[in-house]
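Since the structure comes first, as structure tokens, the remarks are kept for the end.
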Amino acid sequence: MVQRSVQQVFQSDGFFDPQGIFIGDGSYLFVPDNPAYEGSVVMWFDEHNHPVDYEKLTPEQRRHAHRERCYKWVSLLHLRGGAYVYAAVALRPGNAHEVGPLYNLVEQFVQRAGKGVIKWLILDRGFIDGEHISRCKRELGIDVVIPIRKDMDIWTDAWALAAREHWTPLPVEPRPAEPIPASRPEHLRRREAKRQQTLAQNEQKLPAPAAEECYTGSDYCWMGGFHSWTAATVPLSVICRRDHYADAHHKDWALMSTYCGNEPLRLLDYYRKRTAIEERHRQLKCFYDLSDFRSRSFNAIAAQVVMVLLTYTLRQWQLWKFLEESLANLTPEALALQLRLLRQWIVIYLGLAYTQLPVVSFTREAMHLEGEARQKALRKLDLLEQALFTPVPNPRPM
């Protein structure tokens, strides 16, 4: 019997989208402050659960800081439409550096699934490493998109050149309208239309925001052929972006990439998708049993993390392939409610009167019947059983 890795099984079933968009990220898994949790460490975090150096905090900041025993969870997430597939994961002590584990995951994935599956790797500033980024482009055929830190030479060079270059206004993308399900009753459609009208009226009554908070638009400048970052051995492209506000100030940020084509807006769009991973973390920690560990053994905790992510991935794949991508963002409880396709009721008539009972209630009542009444009830349950196990040909028509 030929043994295959999980990634190879996923690939054989068409898990990975031809666009090849992958996101690398790290997050923290908190556990009780018990030193028996093997491989865990205690760290300081701010009110947003970001790690901080307690000695460098002001007295006011220390009031909001808190100590947590934790592990670091490094993941490689694949985007496929509205569904999400965890392609690889590593668990480390909370104070371990995340750069090495992430790029090791990428390399191992390419070894197992082959080149060309990962086309784009979207990262945040914590994964800046010129040698690894260059290797992804040169040896693995992967284009990396990552923000630039302001203390880097390439930031200074890019903005100095951008001051003499042409800037292009960023197109304003209208917010996509949520489609109304075809099965929604008319009275619910009218209610939703009225609710939207009320929200619009209330929004008009709100006071105007302060000028420094009123966003007015953005523009960008795209430049290529950078070699000023000595840690990188491949040419880099940079897209500088300015977000303008009504009081004439602007917020500046920039992305660099090993991509050298002529579609800079693609980089902005891909990086915007990276923020989606935060919602995945929230769902997994709050609703998928990724924060309640029943063992203090590192191997058992790692196994639980892998199994939870594998279960989540298989459910995402099922929703993407067989049902609706819109369901992929729901919690398990909300998902079970949406997928409750059959709601069986029993209606009992007697003369001009009738009663309506759920199947479970009818079954309970039938257990207490006797004689002919019991036989009639059992025959009705037999018919319901046959109907229940008959496959639904198209439960959610498009």
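The values are calculated or read from the model by the stated rules, or taken from the named source; none is laboratory data. Source: prediction; values computed, not measured. Cβ placement follows ideal geometry from the backbone for every residue including glycine, while neighbour counts extend to all protein chains displayed. Accessible surface areas use protein heavy atoms only, side chains included; no ligands, DNA or RNA. Shrake-Rupley method; radii C 1.70, N 1.55, O 1.52, S 1.80 Å.
With respect to Phe22, is the statement that it is in a helix (DSSP H, G or I) and in contact with a Phe, Trp or Tyr (Cβ under 8 Å, 6 or more places away or on another chain) true? Spell out the reasoning first.
Working: in a helix (DSSP H, G or I): no; in contact with a Phe, Trp or Tyr (Cβ under 8 Å, 6 or more places away or on another chain): yes.
Criteria not met by Phe22.
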Tyr86 passes all but one of the listed conditions (1) open to solvent by less than 50 Å² (accessible area, probe 1.4 Å); (2) touching a Lys or Arg at 6+ places or on another chain (Cβ under 6 Å); (3) under 20 Å from Phe298 (Cβ atoms); the exception is number (2)
Across (1) loosely packed, with under 10 Cβ neighbours inside 10 Å; (2) closer than 27 Å to Ala160 by Cβ, Ala200 clears everything bar (2)
All conditions in (1) assigned to a loop (DSSP other than H, G, I, E, B); (2) in contact with a helix residue (DSSP H, G or I) (Cβ under 8 Å, 6 or more places away or on another chain); (3) under 30 Å from Ile301 (Cβ atoms); (4) open to solvent by 40 Å² or more (accessible area, probe 1.4 Å) are true of Arg149 except (3)
Q) In this structure, does Arg241 turn out to be basic (Lys, Arg) and in contact with a helix residue (DSSP H, G or I) (Cβ under 8 Å, 6 or more places away or on another chain)? A) yes
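Out of Phe127, Phe109, I need the residue that is among the aromatic types (Phe, Trp, Tyr), under 23 Å from the mean Cα position of the chain (by Cα), over 24 Å from Met43 (Cβ atoms) and crowded, with 19+ Cβ neighbours inside 10 Å. Which one?
Values: Phe127 fails: over 24 Å from Met43 (Cβ atoms).
The unique qualifying residue is Phe109.
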Quick count over the range 15-54, residues being without any contact (Cβ under 8 Å) to a residue 60 or more places away in the chain and under 19 Å from Thr311 (Cβ atoms), is 0
Subset of the range 251-264, residues more than 26 Å from His50 (Cα to Cα) and exposed (fewer than 14 other Cβ atoms within 10 Å of the Cβ), comes to Cys260, Gly261, Asn262, Glu263
Of the residues in the range 265-318 that are in contact (Cβ under 8 Å) with a residue 24 or more places away in the chain and outside any helix (DSSP H, G or I), the one that is least open to solvent (accessible area, probe 1.4 Å) is Leu290
Lys137: passes all of (1) surrounded by 16 or more Cβ atoms within 10 Å (Cβ to Cβ); (2) in contact with a Ser or Thr (Cβ under 7 Å, 6 or more places away or on another chain); (3) more than 30 Å from Gly225 (Cα to Cα) but (3)
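Do you know which residues across the range 219-248 are among the polar types (S, T, N, Q) and surrounded by fewer than 18 Cβ atoms within 10 Å (Cβ to Cβ)?
Looking only at the range 219-248, we keep the residues that are among the polar types (S, T, N, Q), and these are 228, 230, 233, 237.
Hits for the range 219-248 are Ser228, Thr230, Thr233.
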Flagged pairs (Cβ under 7 angstrom, 6 or more apart or on separate chains; first in the range 105-118, part of a helix (DSSP H, G or I); second of a type outside the set (A, V, I, L, M, F, W, C) and surrounded by 13 or more Cβ atoms within 10 Å (Cβ to Cβ)) are Phe109/Gln7; Arg112/Ser5; Arg112/Gln7; Arg112/Gln8; Ala113/Gln7; Ala113/Gln8; Ala113/Gln11
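Could you look through the range 64-92, keep only residues that are more than 15 Å from Asp25 (Cβ to Cβ) and in contact with a helix residue (DSSP H, G or I) (Cβ under 9 Å, 6 or more places away or on another chain), and pick out the one that is modelled with the lowest pLDDT?
Taking the range 64-92 first, the residues more than 15 Å from Asp25 (Cβ to Cβ) are 64-70, 80-83.
Okay, now just the ones that are also in contact with a helix residue (DSSP H, G or I) (Cβ under 9 Å, 6 or more places away or on another chain), so 65, 67, 80-83.
Details: Ala65: 93, Arg67: 94, Arg80: 79, Gly81: 73, Gly82: 70, Ala83: 73.
My answer is Gly82.
Report yes if Arg164 is farther than 24 Å from Gly24 by Cα and over 27 Å from the mean Cα position of the chain (by Cα), otherwise no.
Working: farther than 24 Å from Gly24 by Cα: yes; over 27 Å from the mean Cα position of the chain (by Cα): yes.
Answer is yes for this residue.
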